[in-house]
Amino acid sequence: MRASAVDTRPPLTIQIKLAYGAGQLVEGVSSTVIGTFLFFYYTAVLGLSGSLVGIAAAISLFTDAFIDPLIGSVSDNTRSRWGRRIPFLMFGAPAVALTLGLAFSPPAHSAPTVLFLWLTTASLALRCFVSVFNVPFIALGAELSEDYAERSNIVAYRWVFYIFGLLATTLLGYRLFLAGPKGLLGAAGYAPLAWSTAAMVLFGGAVSVFGVRRFAGSLPVSAPSAIAIHKRLLPELVEIFRNPSFRVLFAVSVLFWVAQGVANTLGLHLNTFVWKMTPPQISLTLFGYVFGLLVGVPLAPIMVRRFEKRTVLILGLVIICFVQGGLNGLRVLGIFTLTGAAVVGPLVINAVIGGIGATFATIAVGSMMADAADEHDYIFGTRREGLYFSGLGFAGKAATGLGALLAGFALDLINFPKGVAAHPEAAIVTPGTLAGLALMAGPFVALVSGVATGLMLLYRIDRVRHEEVMRVLHERRRA
C-alpha cells in the first residue's frame, strides 16, 4: 500500500500479534474437540442415534444463526476503555471452558432422552458462548491493521495458535486419555479430555485479553448507533448483504465449512471402520495434517504478497477437494483397499497436502473478509466488522451443526450399527455400509467444496481495488 494510505494507529508489535493470536485457542480448541470427538462419543460410545445427535447439533446451529449477528451488532456499538471487543472476550472464554467440559460429562447410565436433552442444552450453550468470544475476537483482528498484506500476517499468527491447539488436543486425545485398551470406545477418557482442553481455552482467552486490551482501547472507532438493537439489527443485516463481496465470501464459507463438518464428524468412523486404524495410527495422520498446516503458515503470506488473495484461496480449495475426494473415492470404487498399518503412509501424505491447502484457504479468507469490511465502509459509510465476521463465525460453526446433522442422517441411512462400544460384535460393518461411509466423507464433501471453489470466481476485490478504498477512507477521516 502507498505511504499515503497508511493509517496513524499505534505500531502493531510482534508481542501484540502473539497475544492476539493466543485467543484462537478458545474457538480452535473447542471446535476441534467438539468436531472430532463429540459425535463419535454420543453415537458409537453412548449409543445415541446418529439422527438424534444430528438434530441436537442442528437445534443449536439454528439458534446460533440469530446469536452471531446479534453479538456482532452489539460489539460494533459497545464502548469501553479497552475498545469495543475486550469485554466480550473477558466473559466469553470462561463460559466456553465451562460448557465444553459439561458437553462431555452427561449423567452416568442415562436414558436416550436424557442424553439427547443434555447434548442439546450443552451444545446450545457452548455455541452461544463461542459466539460471544469469537465474533468480537475475529473482528478485532481486522481492526488491528488496515494494510492489505499485513492482515494476512495477523491471520497467520492466529492460525499458528489454532495449529498448536489442534496438536495439543490430538496428543491429549489419542496418546493419553483415549489410548487405553478400549481405545476410542472407552467412555472413561472423554470427560478428562474435555476438561483438560477447557483449561487450554481458559489460558488462551486470558493471554489474549491481558495482552491486547490496551492496544484495543487505542483503536479508532466510529460513533455508536443510537437506535435500539431490536430496531437496527435487521436493517444492518440487509445492509451487509447488499455488498456483493460479502455475499460471495459468506456463501463460500458456509458451503466449505458444512462440507468439512461432514468430513470431520465422520472422520473417526472412517478411520476406525473403513481404514481400520488404531488410535495411535490415527494420531499419525493428524500429525501429518498438523505438519502440513505448519508448512503452509510461512507459505501463505508469501503467496498473498505475490498473488491475489482470491487466487490463493482458490488454490487452497482445489487442494482440499483433491485430498478429500481422492483416496476415499478410490476406496468406494474398490481400487484402493489398504487398511491398518499399510494405509497409514498414504493417509499421512494425503493429510500433509490437505494441511497446506487448509492453511492457504483459511488465511486468505480471513484477510479477504477484513478487506470486504473496508469496502462496506467505502460504500455505506459505516463500520460493520462485527457483523461481517459473525458471518465467518456462523459458517465455522455450521461445520459442527449442519455438518453433524447431515452426517447423523447419513449414518442412519447407510445402516451404521449403534453403540458398538456396548456391543463389540456390531463393529463388523457390512461392505456396503463401509462404501457408503467413504462416499459421504470423501467424494460428497469434495463436491460441495468444489461448488464453493466455483463461487470464488465472482469475488472482485484485489490490490488495486483495496488501495482505492483505503485512500478514500483516509481522506474522509482527515476531513
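The values are calculated or read from the model by the stated rules, or taken from the named source; none is laboratory data. Worth saying up front: this structure is predicted, and the values here are computed from it rather than measured. With ideal geometry, Cβ positions are generated from the backbone for all residues, glycine too; neighbour counts draw on all protein chains shown.
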Flag if residue 403 is crowded, with 18+ Cβ neighbours inside 10 Å and more than 21 Å from residue 160 (Cβ to Cβ): yes
Residues (of a type in the set (Gly, Ala, Ser), surrounded by fewer than 24 Cβ atoms within 10 Å (Cβ to Cβ) and under 15 Å from residue 392 (Cβ atoms)) located in region 44-72: 65
Candidate set from region 353-386 (those that are part of a helix (DSSP H, G or I) and in contact with a Ser or Thr (Cβ under 6 Å, 6 or more places away or on another chain)); member that is modelled with the lowest pLDDT: 386
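Let's see how each residue does on (1) part of a helix (DSSP H, G or I); (2) within 28 Å of residue 382 (Cα to Cα):
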{"site": "36", "(1), (2)": "yes, no"}
{"site": "40", "(1), (2)": "yes, no"}
{"site": "79", "(1), (2)": "no, yes"}
{"site": "84", "(1), (2)": "no, yes"}
{"site": "94", "(1), (2)": "yes, no"}
{"site": "107", "(1), (2)": "no, no"}
{"site": "119", "(1), (2)": "yes, no"}
{"site": "125", "(1), (2)": "yes, no"}
Residue list for region 426-479, filter: surrounded by 13 or more Cβ atoms within 10 Å (Cβ to Cβ) and of a type in the set (Lys, Arg): 463, 465, 471
Test: residue in region 282-296 that is crowded, with 23+ Cβ neighbours inside 10 Å, in contact with a Leu (Cβ under 7 Å, 6 or more places away or on another chain) and either of a type in the set (Asp, Glu) or assigned to a helix (DSSP H, G or I) (or both): yes
Cross-chain or 6+ apart pairs with Cβ under 7 Å, region 20-31 first and farther than 12 Å from residue 131 by Cα and of a type in the set (Gly, Ala, Ser), then surrounded by fewer than 24 Cβ atoms within 10 Å (Cβ to Cβ) and modelled with pLDDT of 95 or more: 21/161; 22/161; 22/207; 28/161
Evaluation of residue 155 against (1) in a loop (DSSP other than H, G, I, E, B); (2) in contact with a helix residue (DSSP H, G or I) (Cβ under 6 Å, 6 or more places away or on another chain); (3) modelled with pLDDT under 95 (one fails), failing number: (1)
Scope region 13-37; condition closer than 21 Å to residue 189 by Cα, hydrophobic (A, V, I, L, M, F, W, C) and out of contact with any Phe, Trp or Tyr (no Cβ under 7 Å at 6 or more places or on another chain); matching residues: 29, 33, 34
Residue 238 in contact (Cβ under 8 Å) with a residue 12 or more places away in the chain and β-branched (Val, Ile, Thr): no
Qualifying residue in region 260-277 (condition: charged (D, E, K, R) and in contact with a Gly (Cβ under 7 Å, 6 or more places away or on another chain)): yes
Within region 408-432, tally of residues that are among the polar types (S, T, N, Q) and either under 17 Å from residue 54 (Cα atoms) or at pLDDT 90 or above (or both): 1
Boolean, residue 296 is more than 25 Å from residue 42 (Cα to Cα) and small (Gly, Ala, Ser): yes
Residues of region 236-291 that turn out to be modelled with pLDDT of 90 or more, under 22 Å from residue 69 (Cα atoms) and not aliphatic (A, V, I, L, M), as a count: 11
Residue 351 being crowded, with 24+ Cβ neighbours inside 10 Å and over 15 Å from residue 462 (Cα atoms): no
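Every residue, every condition in (1) on the phi > 0 side of the Ramachandran plot; (2) part of a helix (DSSP H, G or I); (3) free of Cβ contacts under 8 Å to residues at least 12 places away in the same chain, yes or no:
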{"residue": "184", "(1), (2), (3)": "no, yes, no"}
{"residue": "190", "(1), (2), (3)": "no, yes, no"}
{"residue": "206", "(1), (2), (3)": "no, yes, no"}
{"residue": "219", "(1), (2), (3)": "no, no, no"}
{"residue": "247", "(1), (2), (3)": "no, yes, yes"}
{"residue": "254", "(1), (2), (3)": "no, yes, no"}
{"residue": "259", "(1), (2), (3)": "no, yes, no"}
{"residue": "268", "(1), (2), (3)": "no, yes, no"}
